Every structure is written in C-alpha cells, then in structure tokens.
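A quick write-up on the structure given underneath.
The values are calculated or read from the model by the stated rules, or taken from the named source; none is laboratory data. The model shown is predicted, which means the values in this text are computed figures rather than measured ones. Here the Cβ positions follow ideal geometry from the backbone for every residue, glycine too, while neighbour counts run over all protein chains shown.
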Amino acid sequence: MIYFDTNYLARLYVREPGFEEVRRLAASDQIACAWHGQAEMQAALHRKLREGLLKARQYTALLGQFSADDRAGAISWLPLAGEVMDRVAKVYAALPATVFLRAADALHLATAAENGFKAIYSNDARLLAAADRFGLSATNVIPA
C-alpha cells in the first residue's frame, strides 16, 4: 500500500502536469490517504471549477467518479485517531520557527507515520520538506 496526499489524488482525476506518472504509480499498488483527504479532494476539484479549468459538467462528472471510486474501495481512508493528533502536537512542539508546515499537511504526515508507512508521495514542496520530521521519506515521481 502507498500513501498519497491530496495533491497526488487530484492527479488521478485531473490532467495536470505529472498526472501520467502519478497514475502509473497508482496502478502499481493500493492507495491510502488520511480521512480528511476526502474533503480536500472535493475542495481541489471545486477550485478547478472556480479557476475555470473545469466546466460545470466536467466538475459534476469528476465528483461522481470520485464518489464511485470511494464506494468501490479504490482509496483506503485512514482515520485521524488520537495517535495521529498526538504525533502532530509532538512535531509542532519541536518544529523550528523556520519550517512552514500547514495543519492539513501535518495530518497527512502524521497519519502516514502512525499507520506504518515509510514514505509519502506528493509534489507539495512544503509537505515533502517536512516529511523527515515524521520519520518518513518523501517521494515525488513528477519530473521537475
């Protein structure tokens, strides 16, 4: 099983730079993501609509596909359990002021770490830069 943050999940649905590499990787294993990734995915698709990158019909179709994939178990949604929140608190308590870590990224990283993952896949530079604070390696398969 491999862990994708929402940045990578979105590339399974939207043709953005790197979508081919991400889809190839996704085809190699089962995908896991933190529970809050569901809301982030809906927000990401809506942002594409708001920015004019998706038409209303495309947006509706992608939401339907995401829902169908969810019902089919295409993504294993991992709970935001107490251990995850404890890990987030522990990391933030020791985090230098120079490190920028968003709360949603911290939840992804802590969820991956607490569920035994050794690596996380994303192309979010800030998330990738903070992965080692959670004992994770960070991998981006999208060419620079």
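Structural remarks
- Condition met for Tyr121 (without any contact (Cβ under 8 Å) to a residue 24 or more places away in the chain and hydroxyl-bearing (Ser, Thr, Tyr)): no
- Selection count where residues are over 19 Å from Arg24 (Cβ atoms), touching a helix residue (DSSP H, G or I) at 6+ places or on another chain (Cβ under 7 Å) and not in a loop (DSSP other than H, G, I, E, B), scope the range 126-144: 7
- Checked against the criterion of being closer than 30 Å to Arg87 by Cα, over 13 Å from the mean Cα position of the chain (by Cα) and at pLDDT 95 or above, the candidates Gln30, Gln58 yield just one match: Gln30.
- Only residues that are of a type in the set (Val, Ile, Thr) and more than 19 Å from the chain's Cα centre (by Cα) were counted across the range 96-127, and they come to 2.
- Take the conditions (1) aromatic (Phe, Trp, Tyr); (2) surrounded by 15 or more Cβ atoms within 10 Å (Cβ to Cβ); (3) in contact (Cβ under 8 Å) with a residue 24 or more places away in the chain; Phe19 misses just one of them, which is (3).
- Any hit, the range 79-95, residues being more than 13 Å from the chain's Cα centre (by Cα), in a helix (DSSP H, G or I) and of a type in the set (Ser, Thr, Tyr): yes
- If you check Tyr13, Tyr59 for being surrounded by 15 or more Cβ atoms within 10 Å (Cβ to Cβ) and in a helix (DSSP H, G or I), only one passes: Tyr59.
- Matching residues, the range 101-125, being part of a helix (DSSP H, G or I), closer than 19 Å to Ala39 by Cβ and of a type outside the set (S, T, N, Q): Ala103, Ala104, Asp105, Ala106, Leu107, His108, Leu109, Ala110, Ala112
- Which listed residue is buried (at least 19 other Cβ atoms within 10 Å of the Cβ) and over 18 Å from Gly135 (Cβ atoms), from Leu49, Leu54: Leu54
- Inter-residue pairs, beta-carbon under 6 Å, first modelled with pLDDT under 95 and in the range 62-91, second among the basic types (Lys, Arg), 6+ apart: none
- Enumeration of residues in the range 22-44 that are assigned to a loop (DSSP other than H, G, I, E, B) and touching a residue at least 40 places away in the same chain (Cβ under 8 Å): Gln30, Trp35, His36
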